[in-house]
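Participant: The structure under discussion is supplied below as structure tokens; questions concerning it will follow.
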Amino acid sequence: MAVARTTDEQFSVRVLGGPTAFFEYGGLRFLTDPTFDAPGDYYAPDDHQRSGRPLLTKTAPSSVTPADLGRVDVVLLSHDEHPDNLDTSGRALLADVPLTLTTPEGGRRLGNGARGLADWEPVELDRPGGGTVTVTGVPAVHGPGAREEVEPVTGQVVGFVLTGEGLPTVYVSGDNASLDVVREIAERFGPVDTAILFAGAPRFPVLFDGALIVLDSAQAAEAAKILDARRVVPVHCDSWAHFTEGRAEVVAAFTAAGLAERLDLGDPA
């Protein structure tokens, strides 16, 4: 059931490149899908000689290093299996973070400091000044069609909703391509104050006949309408070769939908 907005409070979101964003919420410092490697190619794990075509290519560096961020209390990791969501540097950073919230399978793979969240499973985090922040795991589908058809190819993915007394409602989509999932989340948590939406229209010719595996720009604008989001911060739309749309396309889509005033490209790092 939709709920009323709890506050007009706004907070800064730093967009660092790819799917990585950094923000403080309820006194806790959150980082999404950490990717801090230099530009370069990523090959299949069994291609030790790098003899085949790279699976992924990073085209631009992060705007900061992990050391620049200072303390990170919680990593919100949509999934751990793909280096465009958790690269080598990001994986190393997890050792210094008290808590990583991710998929149930990812929690088991990552081990110490990681906790997997099932769909609609909440976890309460203590705020430094008293009270709690609730992080709820929400569904995400990393490709077209039914989840049970997609997961064997692209793996488990989780999104997150953050709530707390006197705090804005925040949705972090993760690598989700399903507007039906967005509708489910809106029914339970809408209207949303800030939606950090993964976009970029990534496609691979060899996967799902080249269909989208994460939202494109027009779908991100539609998601904003469904969520009745007061602010949308787009991420996951730069720095990787398989992203077929960038920020310019996001801006154009939100402008065409009459939602330009809700778009926030994030504070400079």
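The values are calculated or read from the model by the stated rules, or taken from the named source; none is laboratory data. This is a predicted model, so every value here is computed, not measured. Cβ sites come from the backbone with ideal geometry, for glycine too, and all protein chains shown count toward neighbours.
Participant: Do you know which of the residues in the stretch 140-156 that are over 17 Å from L76 (Cβ atoms) and in a loop (DSSP other than H, G, I, E, B) is nearest to the chain's Cα centre (by Cα)? Break it down into steps so the answer makes sense when it comes.
Facilitator: Just the residues of the stretch 140-156 that are over 17 Å from L76 (Cβ atoms), to begin with: 141, 143-154.
If we keep only those that are in a loop (DSSP other than H, G, I, E, B) too, we end up with 141, 143-146.
Working: V141: 12, G143: 15, P144: 18, G145: 20, A146: 20 Å.
Checking each candidate, the answer is V141.
Participant: Would you check which residues across the stretch 162-191 are hydrophobic (A, V, I, L, M, F, W, C) and either in contact with a Cys (Cβ under 6 Å, 6 or more places away or on another chain) or more than 15 Å from G137 (Cα to Cα) (or both) and list them? Don't jump to the end; show me each part of the working.
Facilitator: Of the residues in the stretch 162-191, the ones hydrophobic (A, V, I, L, M, F, W, C) are 162, 167, 170, 172, 177, 179, 181-182, 185-186, 189.
Answer for the stretch 162-191, where residues must be hydrophobic (A, V, I, L, M, F, W, C) and either in contact with a Cys (Cβ under 6 Å, 6 or more places away or on another chain) or more than 15 Å from G137 (Cα to Cα) (or both): L167, A177, L179.
Participant: Quick check, is V74 buried (at least 20 other Cβ atoms within 10 Å of the Cβ), farther than 29 Å from T244 by Cβ and within 16 Å of the chain's Cα centre (by Cα)? Outline the logic, then answer.
Facilitator: On the way: buried (at least 20 other Cβ atoms within 10 Å of the Cβ): yes; farther than 29 Å from T244 by Cβ: yes; within 16 Å of the chain's Cα centre (by Cα): yes.
Spelling it out, V74 is indeed buried (at least 20 other Cβ atoms within 10 Å of the Cβ), farther than 29 Å from T244 by Cβ and within 16 Å of the chain's Cα centre (by Cα).
Participant: Which one is farthest from L28 (Cα to Cα), of the residues in the stretch 57-93 that are assigned to a helix (DSSP H, G or I) and not charged (D, E, K, R)? Before you say what the answer is, go through the steps one by one.
Facilitator: Restricting attention to the stretch 57-93, the residues satisfying the condition of being assigned to a helix (DSSP H, G or I) are 66-69, 88-93.
Retained after the next criterion (residues that are not charged (D, E, K, R)): 66-67, 69, 88-90, 92-93.
Details: P66: 17, A67: 17, L69: 13, T88: 24, S89: 22, G90: 19, A92: 21, L93: 17 Å.
Here the answer is T88.
Participant: Something else about it: Name the residue, out of G137, G107, G129, that is touching a strand residue (DSSP E or B) at 6+ places or on another chain (Cβ under 8 Å) and either closer than 19 Å to R71 by Cβ or in contact (Cβ under 8 Å) with a residue 12 or more places away in the chain (or both). Before the answer, list the steps.
Facilitator: Working: G107 fails: either closer than 19 Å to R71 by Cβ or in contact (Cβ under 8 Å) with a residue 12 or more places away in the chain (or both); G129 fails: touching a strand residue (DSSP E or B) at 6+ places or on another chain (Cβ under 8 Å).
Residue meeting the stated conditions: G137.
Participant: Now, a different point. Identify the single condition in (1) in contact with a Gly (Cβ under 8 Å, 6 or more places away or on another chain); (2) closer than 19 Å to N85 by Cβ that I226 does not satisfy, given that it satisfies every other one.
Facilitator: (2)
Participant: Six or more apart or on different chains, Cβ under 8 Å: which pairs go from a residue in the stretch 226-249 that's of a type in the set (D, E) to one that's not in a loop (DSSP other than H, G, I, E, B)? Could you list them?
Facilitator: D228/A186; D238/G17; D238/R247; E245/S217; E249/S217
Participant: Conditions: (1) touching a helix residue (DSSP H, G or I) at 6+ places or on another chain (Cβ under 8 Å); (2) in contact (Cβ under 8 Å) with a residue 40 or more places away in the chain; (3) more than 25 Å from S62 (Cβ to Cβ). A211 meets all but one. Number of the miss?
Facilitator: So the condition that A211 fails would be (1).
Participant: Does D180 count as within 23 Å of A95 (Cα to Cα) and charged (D, E, K, R)?
Facilitator: Details: within 23 Å of A95 (Cα to Cα): no; charged (D, E, K, R): yes.
Judged against the criteria, D180 is not a match.
Residue-by-condition table, conditions (1) over 12 Å from T32 (Cβ atoms); (2) at pLDDT below 95:
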site	(1), (2)
T65	yes, yes
D68	yes, yes
V72	no, no
L76	no, no
H79	no, no
N85	no, no
L94	yes, no
L99	yes, no
T103	yes, no
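Participant: Return yes or no: is A38 modelled with pLDDT of 95 or more and surrounded by fewer than 14 Cβ atoms within 10 Å (Cβ to Cβ)? Walk me through how you get there before you give the answer.
Facilitator: Numbers: modelled with pLDDT of 95 or more: yes; surrounded by fewer than 14 Cβ atoms within 10 Å (Cβ to Cβ): yes.
In short, yes.
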